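Participant: Could you have a look at this structure, given as structure tokens, before my questions?
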Amino acid sequence: MELFISTRGDSRGATAPEAVLRGIAPDGGLYIRREMPRIPVEELAGLDFRALAERILGEYLSGYSREEIRGCVERAYDQKFDTPEIAPVVDVGDMHVLELFHGPTAAFKDVALSALPQLMSCALQKTGAKDEILILTATSGDTGSAALTGFADVPGIRIIVFYPDRGISPIQRAQMTTMAGENLGVCAISGNFDDAQTGVKRIFAELPQEFRAANHVALSSANSINIGRLAPQIVYYYSAYLDLVKRGKLRMGEKLNFCVPTGNFGDILAGYFAKRMGLPVGKLICASNANNVLTDFLNTGIYNRKRKFLTTISPSMDILVSSNLERLLYLALDCDAEAVRVRMAALSEKGEYSMPDAAMARIRETFAAACATDEQAMDAIRRTFEAHRYLMDPHTAVAWKAAEDYRRESGDATPCVVLSTASPYKFPKSVLTALGEAVPEDAAAQLSRMEALSGTKTPAPLAHVLERAPRFRDVIAPGDMMNYVMERMVRK
Ligand SMILES: *Cc1c(COP(=O)(O)O)cnc(C)c1O
């Protein structure tokens, strides 16, 4: 059976169910398959999203049976999504927009976080694990509510979500703090997303094994480092491609570019996996906001996180350390785990590392990069609305602008899909400001104003969230995260 191995060289491989339960490898590396299965897109014509998910996850997540994968997919992609297509493509001007926000929290993380809890729960049964699983997640906004929704009341699993107290929208906060479910915990951190993520990583690394064993709890993660979170994202690259072929916008076998609003590098990496599986992907354009560490990295070969952390209108991309990049480094460095380890150590000790020219050349065969400021994203929102009556959220707008810049500067006229990662209704204040509208004080009034302007409807999951009373009000310092978790592991 094809084993998942750690990017840092741990010699013990894992099956997909084991890797899904662990989240991160014992040596701190990320699980990856050395050999990618080949899944030619020509064989998949006519399959709908669920059938594609069955086929792709079945091949990639070796260790699950086809029946198990089918069950997971059926439970993941059901009426929770407001369209049977799950991830529809709409044509906007001469670009195509892949809408990934039709799930229960109106953001793209729903696609993966609907599947992950099912894969985990199935893995628990398969491996006969006796421990309860505690999911710890750091979120810059959207992961939290999508994970809470996905895991709510899944047997044998509890979840605690940490989010930065500043830098997320009122709707995002309300979506998390009002969530129902006996097995859920939500806590704000007086810091930024990197503080929350560093705190979670520290707990994984330092919480004593004896303490976990004594309380019968195994830790796992729902962040995009989990291979069970990454794999479902491969599916929509295939579905978007097939959608364009079916509608006559693309010839089967022709190359297609994707422009991806990027934070932790999970979404875009799934596109790279799709390419390595055989999908005819041309370029993957990595779009960043003003926290443009990845733009600089792709341009210079130097990753440098020593810079000011900026709070932008696209908070889910406000990230200085993109965890999933480690998987790309591993592949670009010819699966040399030692070379990866050296760089990850340099990143945590010195705040930067550099890549060999040959590895960067390989990366640039597929990856291009561009970034957009808040002003440029706002301008893109206004222009697309005026020209096409299409309303984008600020994350999507960053990608739209990046795609425009890439096309103009490279002259590459390959058809291009812009991934839309959130409903504009999640960020009404920024969107209304971009349109030059006065912004009503009240968030519900903001939503009504957007409906009136655009002739579209607030997605059902967002429509009432602001009226509900918060269940969770804790705010703690980043340094107290370990204690917070330990207390909750004993108190049952
Ligand atoms: C998480 C998120 C992103 C970034 O995705 P990564 O996989 O972390 O690169 C972009 N946009 C939105 C709305 C998100 O929630």
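The values are calculated or read from the model by the stated rules, or taken from the named source; none is laboratory data. Nothing here was measured: the structure is a model prediction, and the numbers come from that model. Here the Cβ positions follow ideal geometry from the backbone for every residue, glycine too, while neighbour counts run over all protein chains shown. The area values use the complete protein model at the heavy-atom level, side chains included, leaving out ligands, DNA and RNA. Shrake-Rupley method; radii C 1.70, N 1.55, O 1.52, S 1.80 Å.
Participant: Under the condition of being closer than 15 Å to ALA434 by Cα and surrounded by fewer than 19 Cβ atoms within 10 Å (Cβ to Cβ), which residue from the range 359-375 is nearest to the ligand (Cβ to nearest atom)?
Facilitator: Of all residues in the range 359-375, those closer than 15 Å to ALA434 by Cα come to 372-375.
Filter once more, keeping what is surrounded by fewer than 19 Cβ atoms within 10 Å (Cβ to Cβ): 373, 375.
Values: THR373: 16, GLU375: 19 Å.
Per the criteria, the residue is THR373.
Participant: Only one of these conditions is not met by VAL293: (1) within 15 Å of the ligand (Cβ to nearest atom); (2) touching a residue at least 40 places away in the same chain (Cβ under 8 Å). Which number is it?
Facilitator: Failing condition for VAL293: (2).
Participant: Sort out which residues of the range 32-59 are part of a helix (DSSP H, G or I), open to solvent by 20 Å² or more (accessible area, probe 1.4 Å) and not small (Gly, Ala, Ser), and write them in order of number.
Facilitator: From the range 32-59, those part of a helix (DSSP H, G or I) are 41-44, 49-59; that's our starting set.
Filter once more, so that each one left must be open to solvent by 20 Å² or more (accessible area, probe 1.4 Å): 42-43, 50-51, 54-55, 59.
Within the range 32-59, GLU42, GLU43, ARG50, GLU54, ARG55, GLU59 meet the criteria.
Participant: Hey, among the residues in the range 245-287 that are away from the ligand (no atom under 16 Å from the Cβ) and among the β-branched types (Val, Ile, Thr), which one's nearest to ALA45 (Cα to Cα)?
Facilitator: Going through the qualifying residues, I end up with VAL245.
Participant: Here's something else I'd like to know. Which members of the range 296-319 meet the condition of being part of a loop (DSSP other than H, G, I, E, B), free of Cβ contacts under 8 Å to residues at least 60 places away in the same chain and open to solvent by 20 Å² or more (accessible area, probe 1.4 Å)? Even if it seems obvious, please write down each step before you answer.
Facilitator: Here is the first cut: in the range 296-319, the residues part of a loop (DSSP other than H, G, I, E, B) are 301, 305-314, 318-319.
The next check asks that each one be free of Cβ contacts under 8 Å to residues at least 60 places away in the same chain; those that pass are 301, 305-308, 310.
Correct list: ARG305, LYS306, ARG307, LYS308, LEU310.
Participant: With a cut-off of at least 2 residues that are of a type in the set (Gly, Ala, Ser) and open to solvent by 10 Å² or more (accessible area, probe 1.4 Å), name the strands (runs of 3 or more DSSP E) lying wholly within the range 122-200. Spell out the reasoning first.
Facilitator: On the way: elements: 132-138, 157-164, 184-189.
Fully inside the range 122-200 and qualifying: nothing.
Participant: Still on this structure, please answer the following. If TYR330 satisfies every condition in (1) within 16 Å of the ligand (Cβ to nearest atom); (2) buried (at least 21 other Cβ atoms within 10 Å of the Cβ); (3) under 20 Å from the mean Cα position of the chain (by Cα) but one, which is the exception?
Facilitator: Status for TYR330: all satisfied but (1).
Participant: Can you run down the residue pairs with Cβ atoms below 9 Å, 6 or more apart or on separate chains, where the first is in the range 387-411 and more than 15 Å from the ligand (Cβ to nearest atom) and the partner is part of a helix (DSSP H, G or I) and open to solvent by less than 10 Å² (accessible area, probe 1.4 Å)?
Facilitator: That search, which allows pairs on different chains as well, returns TYR390/THR384; GLU404/ALA380.
Participant: Can you report the number of residues in the range 11-59 which are of a type in the set (D, E, K, R) and within 14 Å of VAL73 (Cβ to Cβ)? Spell out the reasoning first.
Facilitator: Step one: filter the range 11-59 for residues of a type in the set (D, E, K, R), giving 12, 18, 22, 27, 33-35, 38, 42-43, 48, 50, 54-55, 59.
Still in the running and within 14 Å of VAL73 (Cβ to Cβ): 48, 50, 54-55, 59.
Number of matching residues: 5.
Participant: Please pick out the residue among ASP78, ASP91 that is surrounded by fewer than 20 Cβ atoms within 10 Å (Cβ to Cβ), over 22 Å from the mean Cα position of the chain (by Cα) and outside any helix (DSSP H, G or I).
Facilitator: Working: ASP78 fails: over 22 Å from the mean Cα position of the chain (by Cα).
Criteria check complete, one pass: ASP91.
Participant: Please state which one of ARG247, ARG212 is open to solvent by 20 Å² or more (accessible area, probe 1.4 Å) and closer than 19 Å to SER420 by Cβ.
Facilitator: Values: ARG212 fails: closer than 19 Å to SER420 by Cβ.
So the residue among ARG247, ARG212 that is open to solvent by 20 Å² or more (accessible area, probe 1.4 Å) and closer than 19 Å to SER420 by Cβ is ARG247.
Participant: Taking the options GLY63, GLY29, GLY103, name whichever one is at positive phi and either touching a residue at least 40 places away in the same chain (Cβ under 8 Å) or surrounded by 23 or more Cβ atoms within 10 Å (Cβ to Cβ) (or both). Walk me through it before giving the result.
Facilitator: Working: GLY29 fails: at positive phi; GLY103 fails: at positive phi.
Among GLY63, GLY29, GLY103, only GLY63 is at positive phi and either touching a residue at least 40 places away in the same chain (Cβ under 8 Å) or surrounded by 23 or more Cβ atoms within 10 Å (Cβ to Cβ) (or both).
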